[in-house]
1. Which of the residues spanning the stretch 67-89 are surrounded by 18 or more Cβ atoms within 10 Å (Cβ to Cβ) and over 30 Å from residue 135 (Cβ atoms)?
2. Considering only residues that are over 22 Å from residue 291 (Cβ atoms), within 17 Å of the chain's Cα centre (by Cα) and surrounded by fewer than 22 Cβ atoms within 10 Å (Cβ to Cβ), which ones fall in the stretch 243-273?
3. crowded, with 22+ Cβ neighbours inside 10 Å and touching a helix residue (DSSP H, G or I) at 6+ places or on another chain (Cβ under 6 Å): does that describe residue 45?
4. Limited to the stretch 4-41, what total is found for residues that are at pLDDT below 95 and within 27 Å of residue 223 (Cα to Cα)?
5. Return the only residue of 76, 96 being modelled with pLDDT of 95 or more and touching a strand residue (DSSP E or B) at 6+ places or on another chain (Cβ under 8 Å).
6. Sort through 50, 160 and tell me the only one that's touching a strand residue (DSSP E or B) at 6+ places or on another chain (Cβ under 8 Å) and either surrounded by fewer than 18 Cβ atoms within 10 Å (Cβ to Cβ) or at positive phi (or both).
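The values are calculated or read from the model by the stated rules, or taken from the named source; none is laboratory data. Just so it is clear, the structure is predicted and the values come from calculations on it, not from any experiment. Ideal geometry is used to build each Cβ from the backbone, glycine not excepted, and the neighbour counts take in all protein chains shown.
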């Protein structure tokens, strides 16, 4: 039976409201969340370097050791500036530099996964942008493969805006280039981009089926996942919401059924707006109850 893991992206508002300030305090706090709902607390934590690498690798080592002490696995999010579809060769080298630096931080943290945004169209047609991005990945992945440890992966993310490259098919197809690429399915982004298409178990299963077809069992069952409810408009994503939203979705219950029926072991990171630990606990509780019901 697969085991899906859950945790927050960064520190929740409640973490700071309780008087905590340092990331060194995060591991203990995260490990204690949800203990009134299930045993064992949360399992994951994703550290964001979205605005750049503003930390020393020595500090990252200390933080990583503290998370391991509490049995919490780390992942990291690379800077948002990455764009492998940018025609400018200087910008391409910068994007590649962010990935390489991110790998150093993965090793410092003891993390196994790095999430990143693969590209956006800019002034190019979508077809040209995707073709250029694909060509670049074929060019640099052999080098990146050598830098990654055996159990480390980089994880391109599905995106929520129309000008960004990152439909679920674009990301899965990109991952066929290297076995060191595991998709990050941001289901809030997918739902926002497709104007609320993720409603039923079948809607989520279609994404998983395409991944099974293209990437096989291991990378599908062990995919990285971001989950939150997201407000959207005609051009896609507007802003992240909390689980209290009843308008935009998506809801987690259908995905919990898909995880269970497909025997999956995904890492699920919650990106709710300020309530990411609380909403991670809600998801873990739903999943454990779904799994228990399935075993009856």
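1. In the first step, residues of the stretch 67-89 are kept if they are surrounded by 18 or more Cβ atoms within 10 Å (Cβ to Cβ); the result is 67, 72-79, 82-86.
Selection gives 67, 72, 73, 74.
2. If the condition is that a residue be over 22 Å from residue 291 (Cβ atoms), within 17 Å of the chain's Cα centre (by Cα) and surrounded by fewer than 22 Cβ atoms within 10 Å (Cβ to Cβ), then 273 is the only one that fits.
3. On the way: crowded, with 22+ Cβ neighbours inside 10 Å: yes; touching a helix residue (DSSP H, G or I) at 6+ places or on another chain (Cβ under 6 Å): yes.
For residue 45, the condition - crowded, with 22+ Cβ neighbours inside 10 Å and touching a helix residue (DSSP H, G or I) at 6+ places or on another chain (Cβ under 6 Å) - is met.
4. 7
5. Values: 96 fails: touching a strand residue (DSSP E or B) at 6+ places or on another chain (Cβ under 8 Å).
Sole residue among the options that is modelled with pLDDT of 95 or more and touching a strand residue (DSSP E or B) at 6+ places or on another chain (Cβ under 8 Å): 76.
6. None of the other options fit; the residue is 50.
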